[in-house]
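Participant: Can you keep this structure in mind? I'll have questions shortly.
Nothing in this text is a laboratory measurement; each read-out follows from the coordinates by a stated rule. For clarity, every value in this text was computed on a predicted model and none was experimentally measured. Positions of Cβ are generated from backbone atoms using ideal geometry, with glycine treated the same way; all protein chains shown enter the neighbour counts.
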Amino acid sequence: MRRMGLEELAQHTYQGLKARGIEVTLSGGACVSLYTKNAYQSSDLDFIRGLAVPIGEVAKAMEELGFTREGRRFLHPRSDFHVAFPPPPLTVGEEPPGEAREYPVVSPGGRRPVRMISPTDCVKDRLCGFFYWNDRQSLDQAVLVALARKVDLAEIAAWAGRERMRDRHAEFEAALAEKRGAPRGKKAATESKPGRELPSHKERAAGARPI
Amino acid sequence: MLSVLFGSPLREKILLYLMECGEAYSLELAKNFAASLFGVQNQLRRLEEAGILASRTVGKTRLYSLNPRYFLRTELEALLKKGFRALPEEEVQARYRPRRRPRRPGKPL
């Protein structure tokens, strides 16, 4: 039987929980993998449940979906990746994220949606790791997402200010500019124009760009 | 003081200690507050599962701290700081002032 990669496991988990009335949102490193087409490979999928949903209810549903629980992780016999449910609520730093929505995800099993944080919130989420843990991997991942997807750089800058992390945000801007080929110390031309994140009406009509 | 709010006196002490001292490992907390290691580890696990604490390993030791990514971090710290200021000075000196500066090898205590 075919092994499930990250994309298919995300679909299997999200759709299975949704069918059982449990709404979850994918966050963390798996979003980086999906948004960058695995330029960064995450080993786990962090789904955030609603505050009112007890973990016991999620665990029961996960068992029905073929997972076994090992501590805080849920393992599936057909996948090398694992699923976890960090404590809710869904936040980026001290703020709730923008509206999460279902993004179409393509896997060998077909095209099925997974509810995820937006690319802009994914960058913020990774920057939290850099801001608060000084984790350079998180900075690299934030840059990868900003390069691969349309993100609202002006909003990210404003958010970093509210997190009192302007200095660290400047490091992100410099790293992004360097990857885009702009000389250090100068802002890349495109940075003055916030990227378009949401699909246009035409794209919406045709279905948003699949991941 | 805050123990009813936090659910247990030990949990209150752990949170106050981590707010004031930054990081701690479970045996350090158990010795400092004359509590059982199991009890401390149990509280640390619960607090970490709730996202209130974060931990990292240094060698074989797991160090705990208040999670800077916890969404109520600012409010929690404000509450703990106010609670800490109400502690008697003797208790602060006895329980919340661990040595953090380096000690050269071989230097007598």
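Participant: How big is the antiparallel share of DSSP beta bridges in the protein assembly as shown, given as a percent to the nearest 5?
Facilitator: 85 percent
Participant: Then there's this: Nearest 10 degrees is fine. How inclined is helix B:37-49 to the longest principal axis of chain B, computing both from alpha carbons?
Facilitator: 50 degrees
Participant: Taking only DSSP H segments of four or more residues, each worth -39500 (n - 2.57), what value at 222 nm results for the protein assembly as shown once the sum is divided by all its residues, to the nearest 500 deg cm²/dmol?
Facilitator: Computed mean residue ellipticity for the protein assembly as shown: -13500 deg cm²/dmol.
Participant: Dimensions of the protein assembly as shown along principal axes (Cα, Å, largest first)?
Facilitator: Answer, in whole Å and largest first: 69, 53, 39 Å.
Participant: Tell me, how many Å apart are the Cα centres for the stretch A:132-157 and for the stretch A:1-54?
Facilitator: Taking the Cα centre of each part, the stretch A:132-157 and the stretch A:1-54 sit 20 Å apart.
Participant: For the stretch B:35-75 and the stretch B:79-109, compute the distance between their C-alpha centroids and round to whole Å.
Facilitator: Here the two parts' Cα centres lie 19 Å apart.
Participant: Report the trypsin sites (Lys or Arg not before Pro) located in the stretch B:1-97 that are in a DSSP loop and have at most 12 other Cβ atoms inside 10 Å of their Cβ, or state none.
Facilitator: Passing both the DSSP loop test and the Cβ count: B:Lys60.
Participant: Does anyone have the angle between helix B:9-21 and the longest principal axis of chain B? Alpha-carbon axes, 0 to 90°, nearest 10?
Facilitator: 60 degrees
Participant: Below 8 Å between Cα atoms, with a sequence gap of 6+, how large is the relative contact order for the stretch B:1-69 in percent?
Facilitator: Working: 70 pairs, mean separation 21.3, N = 69.
Averaging sequence separation for qualifying contacts and normalising by length gives 31 percent for the stretch B:1-69.
Participant: Within the P(r) computed for the stretch A:86-143, what percentage of the Cα pairs occupies the region above 13 Å? Mind showing how you got there, number by number?
Facilitator: Working: 1085 of 1653 pairs.
Tail of the P(r) past 13 Å holds 66 percent of the pairs.
Participant: Taking 31 Å as the cut-off for C-alpha to C-alpha distance, list the pairs among B:Lys60/B:Lys107; A:Lys18/B:Lys13; A:Lys60/B:Lys31; A:Lys18/A:Lys124 that go past it.
Facilitator: Where the Cα-Cα span goes over 31 Å, the pairs concerned are A:Lys18/B:Lys13; A:Lys60/B:Lys31.
Participant: Applying 1/(1 + (r/R0)^6) with R0 = 41 Å to the Cβ-Cβ distance of B:Ala50 and B:Arg103, what FRET efficiency is obtained, to the nearest 0.05? Please report the intermediate quantities before stating the final value.
Facilitator: Values: r = 35 Å, r/R0 = 0.85.
Rounded to the nearest 0.05, the efficiency is 0.70.
Participant: How big is the C-alpha Rg of the stretch A:105-177 next to the rule-of-thumb value 2.2 N^0.38 Å, as a ratio? Display every interim value, and only then the final one.
Facilitator: Numbers: Rg = 13.5 Å, N = 73, 2.2 N^0.38 = 11.2 Å.
Its radius of gyration relative to the 2.2 N^0.38 Å reference: 1.20.
Participant: Each label point is 7 Å from the Cα along the Cα-to-Cβ direction; what then is the distance between the points at A:Asp44 and B:Leu79, in nm?
Facilitator: 2.6 nm
Participant: Here is a follow-up. Which residues in the stretch B:1-27 have a backbone N closer than 11 Å to a point placed 7 Å from the Cα of B:Ala86 along the Cα-to-Cβ line?
Facilitator: Those under the cut-off are B:1-5.
Participant: Note the angle between two axes, namely the Cα long axis of helix B:73-85 and the longest principal axis of the Cα atoms of chain B, as a number of degrees from 0 to 90, rounded to the nearest 10.
Facilitator: So the helix axis and the longest Cα principal axis differ by about 70 degrees.
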